[in-house]
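Notes to accompany the following structure.
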Amino acid sequence: MSEKDLILSALLEKGILVEPEVVGYIVEKGGMNYLPKFINKFSNRPHVKYRDIIEPTNLSVRKNTTSHIPKPASEYGWDFKIDMDASVEMRGTGDAIEFKRLFEDRFRKLSKIISSRVQMQNAVSIARLTEGKAATIGIVSDVSTTRKGSIIFKLEDLSGEIKCLTRNAEFILNDEVIGVVGKYSESRKMLYVDEIVRPGCMARGNRKIEEDISVAIISDIHVGSKTFIKERWEKFLEWLKKGEGEAGKIKYLLIAGDVVDGIGVYPHQEEELTILDIFEQYEALAEYLNEVPDYIKMVIIPGNHDLVRNAEPQPALPREIEKMFNGNVELLSNPTTFTIHGYRFMMYHGASLNNLVELIPGMDYTKTTEIMQYMLDMRHLSPVYGEKVPIVPTPRDYLVIDTVPDVLITGHVHIFSYAMYHGVHMVNASAWQEQTKYQKMMNFNPDPGKVAILNLKEDRMSVKAF
Ligand SMILES: [Fe+2]
């Protein structure tokens, strides 16, 4: 672990989130030796921005403006709109035409975004490329690396395909849609790529709202498992029910999948369960969630441990589960997008993280938000087709990130992480399950019991550990 990683995890232990520049500042000031002083100074600040350090006057300004007594969340109404729920369109025979439609939809949406990039001003379709300077957009396949470290790949659009070669990319993934700028050789039918242009992302600017309300974000509860952290989970529920301080501002609770441990997800799972019937697992979950105050709306999507089929997009949990819950629970597909008081949320359980952690150089499971950055740049939640993520060939590619969200949420990894990227809050939500036998075997250390809290008035993320 680098010094920066050590600093970050020590801060997280104290429930303090910081911008990356702040870690750099701490290193400059003396690293781990300076850290206790920093924690002392900022222990009452759940999210420290670089600006807060270089302009300490901001602190006093904020104090003055928040001196009024806030209205509790229970006195506000919900402002919730579903923008995309993929549950509706699940039929498919899996024939080649359906896969073709899925990829064409992906290509159309992403090439439209890429073509608006300045480097793509003179882009033409692949069939219209001519000798010399060239720019075009296509979907990638057959990626390989030469002995000298160049990347060779095929690029295809609706008009044709070409071979490309580049020395200027760290990596390229099969099935991602990219723009390329370089020189085309007609005799070799090869495009020598100088620059790769990904769709990219930028969230909209000022999005703070008047209401002083917050959204709590969690994932992977795994009710029914022997390693479900029941006491800490119950502490969290008690905190919500008491509704004091920050808890009193919570108006929404978002849950990013794997709400129960399921049955038969992996071999010999029954040895790891306290509840052996999946419906009883959901009943136990419902008993818990029905205790959550009724002014809090809950949004639940499924994960790979849930009752619905594994292939993505996964439909919402079925009606028979829905009727176990009170009316403040919204069951949606994985992935889904929705708007809360004007904030756009995209929530995805995160199975593709298993693919991307292996395919993107330098990644590991503690770097989930770095992988999420790539998702945002590629504007796709699961850019590589297949591998460890089964995908249903629907005519629409639901995993495309059409509109840049204000908040991108994943789970699945059982390690909490948070970062901001081009104005997007990225949260890999924490779990409620401690290390399983399987995780121990894989030398994987989860980080459960943390709740991310986004205050919509301040547009500020904080984290609370239970
Ligand atoms: Fe999970």
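The values are calculated or read from the model by the stated rules, or taken from the named source; none is laboratory data. Because the structure is predicted, anything quoted here is derived from the model rather than measured. Glycine gets a Cβ as well: all are built from the backbone with ideal geometry, and neighbour counts include every protein chain shown.
Quick one: which strands (runs of 3 or more DSSP E) sit completely within the stretch 141-200 and have at least 2 residues that are within 28 Å of the chain's Cα centre (by Cα) and β-branched (Val, Ile, Thr)?
On the way: elements: 151-156, 161-166, 177-185, 190-197.
Counting at least 2 such residues, we get 177-185, 190-197.
Quick check on the stretch 240-251. Is at least one of its residues free of Cβ contacts under 8 Å to residues at least 12 places away in the same chain and crowded, with 22+ Cβ neighbours inside 10 Å?
Taking the stretch 240-251 and keeping what is free of Cβ contacts under 8 Å to residues at least 12 places away in the same chain, we get 242, 244-245, 247.
Right, trim to crowded, with 22+ Cβ neighbours inside 10 Å and you get 247.
Taking every residue of the stretch 240-251 in turn, at least one turns out to be free of Cβ contacts under 8 Å to residues at least 12 places away in the same chain and crowded, with 22+ Cβ neighbours inside 10 Å.
Okay, residues lined up against (1) more than 30 Å from residue 311 (Cβ to Cβ); (2) within 16 Å of the ligand (Cβ to nearest atom); (3) β-branched (Val, Ile, Thr):
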position	(1), (2), (3)
220	no, yes, no
226	no, yes, no
229	no, yes, yes
234	yes, no, no
246	yes, no, no
249	yes, no, no
262	no, yes, no
272	no, yes, no
276	no, no, no
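Restricting the stretch 263-295 to residues that are small (Gly, Ala, Ser) and modelled with pLDDT of 95 or more, which is nearest to residue 440 (Cα to Cα)? Before you say what the answer is, go through the steps one by one.
Kept after step one, since they are small (Gly, Ala, Ser), are these residues of the stretch 263-295: 264, 284, 286.
When the remaining residues are screened for being modelled with pLDDT of 95 or more, the result is 284, 286.
On the way: 284: 26, 286: 29 Å.
By that ranking, first place goes to 284.
Could you check, for the stretch 384-396, whether at least one of its residues is among the charged types (D, E, K, R) and in a strand (DSSP E or B)?
Step one: of the stretch 384-396, the residues among the charged types (D, E, K, R) are 387-388, 396.
After this cut, where a residue has to be in a strand (DSSP E or B) as well, the list is none.
No, the stretch 384-396 contains no residue that is among the charged types (D, E, K, R) and in a strand (DSSP E or B).
If the requirement is being of a type outside the set (D, E, K, R) and modelled with pLDDT under 95, which of these qualifies: 350, 327? Break it down into steps so the answer makes sense when it comes.
On the way: 350 fails: modelled with pLDDT under 95.
Answer to the check: 327.
Given the criteria modelled with pLDDT under 95 and in contact with a Pro (Cβ under 7 Å, 6 or more places away or on another chain), does residue 439 qualify?
Values: modelled with pLDDT under 95: yes; in contact with a Pro (Cβ under 7 Å, 6 or more places away or on another chain): yes.
For residue 439, the condition - modelled with pLDDT under 95 and in contact with a Pro (Cβ under 7 Å, 6 or more places away or on another chain) - is met.
Scanning the stretch 204-218 for residues that are touching a helix residue (DSSP H, G or I) at 6+ places or on another chain (Cβ under 9 Å) and not in a loop (DSSP other than H, G, I, E, B), which turns out nearest to the ligand (Cβ to nearest atom)? Reasoning before the result, please.
Here is the first cut: in the stretch 204-218, the ones touching a helix residue (DSSP H, G or I) at 6+ places or on another chain (Cβ under 9 Å) are 211-214, 216, 218.
Then keep just the ones that are not in a loop (DSSP other than H, G, I, E, B); that gives 214, 216, 218.
Numbers: 214: 24, 216: 18, 218: 12 Å.
Here the answer is 218.
Please specify each residue of the stretch 151-184 satisfying the condition of being among the hydroxyl-bearing types (Ser, Thr, Tyr) and either touching a strand residue (DSSP E or B) at 6+ places or on another chain (Cβ under 7 Å) or surrounded by 19 or more Cβ atoms within 10 Å (Cβ to Cβ) (or both). So that I can check it myself, show each step before the final result.
Within the stretch 151-184, the subset among the hydroxyl-bearing types (Ser, Thr, Tyr) is 159, 166, 184.
166, 184 - these are the residues of the stretch 151-184 that are among the hydroxyl-bearing types (Ser, Thr, Tyr) and either touching a strand residue (DSSP E or B) at 6+ places or on another chain (Cβ under 7 Å) or surrounded by 19 or more Cβ atoms within 10 Å (Cβ to Cβ) (or both).
Would you point out which residue out of 133, 163, 112 is of a type in the set (Lys, Arg), in contact with a Leu (Cβ under 8 Å, 6 or more places away or on another chain), modelled with pLDDT of 95 or more and not assigned by TED's automatic domain parsing to the domain that holds residue 297?
Working: 133 fails: in contact with a Leu (Cβ under 8 Å, 6 or more places away or on another chain); 112 fails: in contact with a Leu (Cβ under 8 Å, 6 or more places away or on another chain).
None of the other options fit; the residue is 163.
Does residue 409 qualify as being within 16 Å of the ligand (Cβ to nearest atom), under 12 Å from the mean Cα position of the chain (by Cα) and either at pLDDT 95 or above or assigned by TED's automatic domain parsing to the domain that holds residue 312 (or both)?
yes
Of the residues that make up the stretch 112-131, is at least one more than 18 Å from residue 381 (Cα to Cα), hydroxyl-bearing (Ser, Thr, Tyr) and assigned to a helix (DSSP H, G or I)? Can you show your working first?
Step one: list which residues in the stretch 112-131 are more than 18 Å from residue 381 (Cα to Cα), which gives 115-131.
Next, only the ones that are hydroxyl-bearing (Ser, Thr, Tyr) stay: 115-116, 125, 130.
Still in the list and also assigned to a helix (DSSP H, G or I): 115.
Looking through the stretch 112-131, at least one residue is more than 18 Å from residue 381 (Cα to Cα), hydroxyl-bearing (Ser, Thr, Tyr) and assigned to a helix (DSSP H, G or I).
If we keep just the residues of the stretch 417-449 that are in a helix (DSSP H, G or I) and within 12 Å of the ligand (Cβ to nearest atom), which is farthest from residue 14 (Cα to Cα)? Lay out the reasoning, then the answer.
Keep residues of the stretch 417-449 that are in a helix (DSSP H, G or I), which gives 437-441.
If we keep only those that are within 12 Å of the ligand (Cβ to nearest atom) too, we end up with 438-439.
Values: 438: 28, 439: 25 Å.
Out of the qualifying residues, it is 438.
Output the residue which, of all residues in the stretch 303-318 that are free of Cβ contacts under 8 Å to residues at least 40 places away in the same chain and more than 16 Å from the ligand (Cβ to nearest atom), is nearest to residue 264 (Cα to Cα).
309
Looking at (1) within 16 Å of the ligand (Cβ to nearest atom); (2) over 30 Å from residue 140 (Cα atoms), find the lone condition where residue 454 falls short.
Unmet condition: (1).
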